[in-house]
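First the structure, in the form of structure tokens, and then the observations on it.
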């Protein structure tokens, strides 16, 4: 009791150096927790990109390449899937739903995706969440467009605005389809996935952009036919009635004669892709561990430096009757108190950081950071830091233990 | 009370002649002893041996019929905390505690001294504080200073705090190591008289060390360290 009081008063007396130590620890705790949170949320955001889709089918290429192009809009495939093959495969038994997608066009650097209304009813992300509308509704006519939340935010678009979609990727397309303006009829809620960065138009409109059929003709005759008759699409997503069909149909697709196709199971390929990125994950973890180590070594340095300055203080305690183990306990309590406060302040800073950075991470890195209570894993991390701080505090405590009494008695003011 | 026989002390075993060599020294219970001698005469060494901070190289040192030379370090630590109040030349006060906290510290590490105070008091919660306040008042430090930081007090005031810390819990032996060296003559005398009063009240033996022989007449017995050592 008296030792705790002494520790507290002594710390208070040396508050400048103690505060510095405390903040070193706090900042390292904050860094460790933030890096870990971003690491874990990046991983889950990554695997949350698509869910509920059993199979993605595209022209034959690498598994990961197909996943990147169809889901992440990274890179693109040169070949597509013919409409005939699409119709044939999706007419097989066990197919619950299918979503054709056609990529390759852009609007001010944002991907344009041609699809059908099935996209809005069957596409799932995260924990089988479906797309929801912030404003408006799905497209109902060939010249209507639905925006991902980020597209709308970034480009400042509102419902009923008219936009023009260009042929090809990139910001500076030479060939603008100025004669085909699209009307914004819907804006989706944020998903933390590439959907946010996508403009969705009817599949039939893709052909229209490319001049596959006369615009005037389309306007008049096929106004309500959103699918049209495309020659080919980039890829399609499928859901099955039972997982049993997945493997069977996948095999059929991979052996499909008329065309070289590839079917991938997104969950499996996502995992493969993440494993490729695992080195980045490990480096992040290493970084945070080093940060903590450095801060604890900093604390040790401060404690040992303080100890020589406090020789007199400790000797006085010995002279009024404190035994060596009292000094040992006193120094241990002090380092424990410092680490504890450091961890508390660090956790507070951590919440401050994720609270202020979550918006940025969501919009710029597509990582949705959840602000929740500390998880058991995070509490465990803090526990490890506390334990390490306590163990490191034992070093100066042991030195204090061996300070002899005559040391203190003879030290003059 | 204090009984030294054939005591010698060497800092290192290889030293040719001992730093201190006392044939016999007997101090009775309740005596107020003035121990004097010039610098380097071995005053501090003798005090360190009496307080059990250093152990005699040879001979017998017994205090309260307890032979200190045979005790282990831990037992000696406990013995000192329980039975000896020490007023240091430089006071050895903790600057970040108030006078009251510094004084009660003297019995926080000794059960028997704490017990003595609690036995006499009806209010168990604040008994230590009450006793500290009583001692401070008796030693002439007025209430307005009781809760200030020690660092803000004058030398004279700090000295009273140091004395009160030595007296709390009425230890049998009070050792004062040149506590008046920073005071002027008038203040020295009045301070020493206050020490006498408290020593009588708590029935303690007082060993007062100084090189200033003008204080000698105030004490009922004085020991000259030089002649003490020449008896050998």
(request) With a bin width of 10 angstrom, please list the P(r) values of the range B:184-232 as percents of all Cα-Cα pairs, from the 0 bin to the one holding the largest distance. (result) 21, 49, 25, 6
(request) Quote the relative contact order of chain A in percent (integer), defining contacts as alpha-carbon pairs under 8 Å separated by 6+ residues. (result) 27 percent
(message) Can you tell me, using C-alpha contacts under 8 Å and at least 6 residues apart, the relative contact order of chain B as a whole percent?
(response) 29 percent
(message) I want to make sure I understand the PRE zone here: with the label point 7 angstrom from the Cα of residue A:117 toward its beta carbon, which residues in the range A:129-146 have backbone N atoms less than 11 Å away?
(response) A:138-141
(request) Quick one: among B:124, B:200, B:29, which has the greatest mean-square fluctuation in a GNM of chain B with alpha-carbon springs under 10 angstrom? (result) B:124
(request) Determine the equivalent ellipsoid of the range B:114-232 by diagonalising the alpha-carbon gyration tensor, then write out the semi-axes as square roots of 5 times the eigenvalues, largest first, rounded to whole Å. (result) 28, 19, 11
(message) Pick from A:333, A:184, A:354 the residue whose mean-square fluctuation is largest in a GNM of chain A, springs joining Cα atoms under 10 Å.
(response) A:333
(request) Give me the orientation-averaged projected area of the Cα convex hull of chain A, in nm², one decimal. (result) 26.2 nm²
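Express the relative contact order of the range A:55-264 as a whole percentage, based on alpha carbon pairs under 8 Å and six or more residues apart in sequence. Display every interim value, and only then the final one.
On the way: 438 pairs, mean separation 69.9, N = 210.
Dividing the mean separation by the residue count of the range A:55-264 yields 33 percent.
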(message) What value in Å³ per residue do you get for the convex hull of the alpha-carbon atoms in chain B?
(response) 125 Å³
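For chain A, what is the mean residue ellipticity at 222 nm derived from helices alone (per DSSP H run of n ≥ 4: -39500 (n - 2.57); sum divided by total residues; nearest 500 deg cm²/dmol)? If you can, show how the numbers build up before the last one.
Details: 15 runs with 217 residues, N = 413.
Taken over chain A, the calculation gives -17000 deg cm²/dmol.
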(request) Project the alpha carbons of the range A:55-264 onto their principal axes and report the range along each, largest first, in whole Å. (result) 45, 38, 30
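R0 = 22 Å: FRET efficiency of residue A:241 with residue A:88, Cβ-based, nearest 0.05? It would help to have the intermediate numbers written out before the result.
Details: r = 18 Å, r/R0 = 0.83.
Rounded to the nearest 0.05, the efficiency is 0.75.
Of all beta bridges DSSP finds with both residues in the protein assembly as shown, what is the antiparallel percent, to the nearest 5? Don't jump to the answer; show the numbers that get you there.
Working: 47 of 74 bridges.
Taking every DSSP beta bridge with both residues in the protein assembly as shown, the antiparallel ones total about 65 percent.
Tell me, in nm to one decimal, what length is gained between residue A:252 and residue A:16 on full extension, where the rule is 0.36 nm per residue of separation less the Cα-Cα distance? It would help to have the intermediate numbers written out before the result.
Working: separation 236, 0.36 × 236 = 84.96 nm, distance 7.20 nm.
Value of the extension gain: 77.8 nm.
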(request) Between residue B:120 and residue B:17, take the C-beta separation as r, use R0 = 41 Å, and let me know the FRET efficiency to the nearest 0.05. (result) 0.25
(message) Just to be sure I understand the curve: with the Debye formula and one point per C-alpha of the range A:281-386, what is log10 I(q)/I(0) at q = 0.18, 0.19, 0.22 Å⁻¹?
(response) -1.01, -1.08, -1.27
(request) Determine the calculated [θ] at 222 nm for chain B from helices alone, applying -39500 (n - 2.57) to every DSSP H run no shorter than 4 residues and normalising by the residue count; nearest 500 deg cm²/dmol. (result) -11500 deg cm²/dmol
(message) Averaging the inverse of every distinct alpha carbon separation and then flipping it gives the Kirkwood radius. What is it for the range A:1-108, in angstrom units?
(response) 19.6 Å
(message) Given a 10 angstrom Cα cut-off, can you work out which residue in A:374, A:103, A:188 is the most mobile in a GNM of chain A?
(response) A:374
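Readers should treat all values here as calculations from the given coordinates under stated rules, not as data from a laboratory. None of these values were measured; they are calculated from a predicted model. Glycine also receives a Cβ, built like all others from the backbone with ideal geometry; neighbour counts cover every protein chain displayed.
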